[in-house]
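Below is one structure; the comments refer to it alone.
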Amino acid sequence: MPEPREPEGAIAATGMGGAMDLATSEAATLERIPGGPEGTGPQGKPRSLWSDAWRDLRRNPVFIISALVILFLVFISVWPSLIAPGSPLKCDLAKAQEGPAPGHPFGYDGQGCDVYTRTVYGARVSVTVGVCATLGVAVLGSVLGGLAGFFGGLPDSFLSRVTDVFFAIPVVLGGLVLLSVVTSNTVWPVVGFMVLLGWPQISRIARGSVITAKQNDYVQAARALGASNSRVLLRHIAPNAVAPVIVVATIALGTYIALEATLSYLGVGLKPPTVSWGIDISAASPYIRTAPHALLWPAGALAVTVLAFIMLGDAVRDALDPKLR
């Protein structure tokens with residue numbers, strides 16, 4: 001009699017060097033599982049750092065809450081008139097320091113301007129300054145720090161000494177000195193100042209990340225295969241060294257928004273008639289006892305905005321750092 005045939009299956013190695021049979025149906029089931037085994041994606045492909053990070057972020061309530069707050073801020077920055085139909089520059093001195101009224105839920109400030117409208121329109125300036133300063137700092141710092149860390153030698157030493165000089169400059173004092181001579185009412189002098197004093201931090205982060213990445217085996221293998229410096233830097237090192245820069249830049253975005261408000265409060269940042277939370281806080285400070293609502297609403301909006309970006313940065317840091325998994 002012919003021997004009974006065993007079902008066709010896949011052979012899987014065991015931890016002791018032996019083997020065990022998997023029925024064909026079980027092997028096919030593993031192939032059809034969307035996530036596959038732990039650490040793999042569809043079709044058994046290994047998941048990347050970014051896919052793992054996105055999966056963790058979607059499950060993190062801190063990320064979801066902060067992202068919703070930031071999306072709302074972006075929405076009112078682009079279309080403030082949809083929720084605040086009035087003009088932030090329209091004021092009535094007869095209503096100065098009055099409390100909430102129908103159609104004016106936040107009351108009026110010391111000049112008789114609607115606090116609600118000015119608070120909504122103030123988000124545009126804060127978000128614009130924060131985003132533009134962060135992009136400028138991230139690009140300039142990443143390029144200079146990445147090149148210094150990649151090539152080393154004299155460029156690296158020179159950049160290290162330059163960053164030491166910039167680190168020695170107090171940010172607020174530097175703003176008082178540099179911006180006091182600027183007469184422009186636009187946001188660009190403030191953004192330029194932040195980029196000027198903010199790039200050394202990102203540069204240090206990018207430099208250290210590139211130095212760590214270029215010592216990996218895949219970089220040495222690419223060099224052995226004859227890859228050029230530009231290819232090694234852009235294709236192999238940069239994608240694996242950008243994660244720390246993204247984390248620091250995300251957290252710094254909230255810091256730049258707070259810095260803009262501080263400089264505007266001191267009178268050297270943005271200037272009227274520009275609508276800014278820092279300007280409104282400065283104007284409402286003398287009336288803190290008689291009209292506290294004029295100070296609390298823009299200050300509260302500023303605090304929530306900064307907190308949202310810091311929370312977002314913390315969530316991104318936890319997702320991109322494998323040591324915290």
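The values are calculated or read from the model by the stated rules, or taken from the named source; none is laboratory data. All values derive from a computational prediction rather than experimental measurement. Positions of Cβ are backbone-derived with ideal geometry, glycine not excepted, and every protein chain shown enters the neighbour counts. Remember, those area values only see protein heavy atoms, side chains included, never the ligands or the DNA or RNA. Shrake-Rupley method; radii C 1.70, N 1.55, O 1.52, S 1.80 Å.
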Point to revise | Residue within the stretch 45-52 that is hydroxyl-bearing (Ser, Thr, Tyr) and at pLDDT 85 or above present | key: no
Subset of the stretch 223-282, residues aromatic (Phe, Trp, Tyr) and free of Cβ contacts under 8 Å to residues at least 24 places away in the same chain, comes to 265
From the option list 118, 161, single residue qualifying as under 23 Å from residue 260 (Cα atoms) and of a type outside the set (Val, Ile, Thr) is 118
Taking the stretch 61-81 and keeping only residues that are surrounded by fewer than 17 Cβ atoms within 10 Å (Cβ to Cβ), over 19 Å from residue 116 (Cα atoms) and not aliphatic (A, V, I, L, M), one is left with 61
Among 68, 57, the single one that is over 18 Å from residue 284 (Cβ atoms), modelled with pLDDT of 90 or more and within 31 Å of the chain's Cα centre (by Cα) is 68
Of the residues in the stretch 142-170, those that are over 18 Å from residue 205 (Cβ atoms) and either touching a helix residue (DSSP H, G or I) at 6+ places or on another chain (Cβ under 7 Å) or surrounded by 13 or more Cβ atoms within 10 Å (Cβ to Cβ) (or both) come to 169
Checked the stretch 275-325 for anything under 18 Å from residue 73 (Cα atoms) and not in a helix (DSSP H, G or I); matches are 275, 276
Of the residues in the stretch 84-126, those that are open to solvent by 40 Å² or more (accessible area, probe 1.4 Å) and either closer than 15 Å to residue 293 by Cα or part of a helix (DSSP H, G or I) (or both) number 12
Residues of the stretch 116-150 being more than 23 Å from the chain's Cα centre (by Cα) and without any contact (Cβ under 8 Å) to a residue 40 or more places away in the chain, in sequence order, are 117
From the option list 291, 252, 303, 243, single residue qualifying as open to solvent by less than 20 Å² (accessible area, probe 1.4 Å) and farther than 26 Å from residue 144 by Cα is 291
Could you please let me know if residue 317 is in contact with a helix residue (DSSP H, G or I) (Cβ under 7 Å, 6 or more places away or on another chain), at negative phi, of a type in the set (Lys, Arg) and open to solvent by 20 Å² or more (accessible area, probe 1.4 Å)? yes
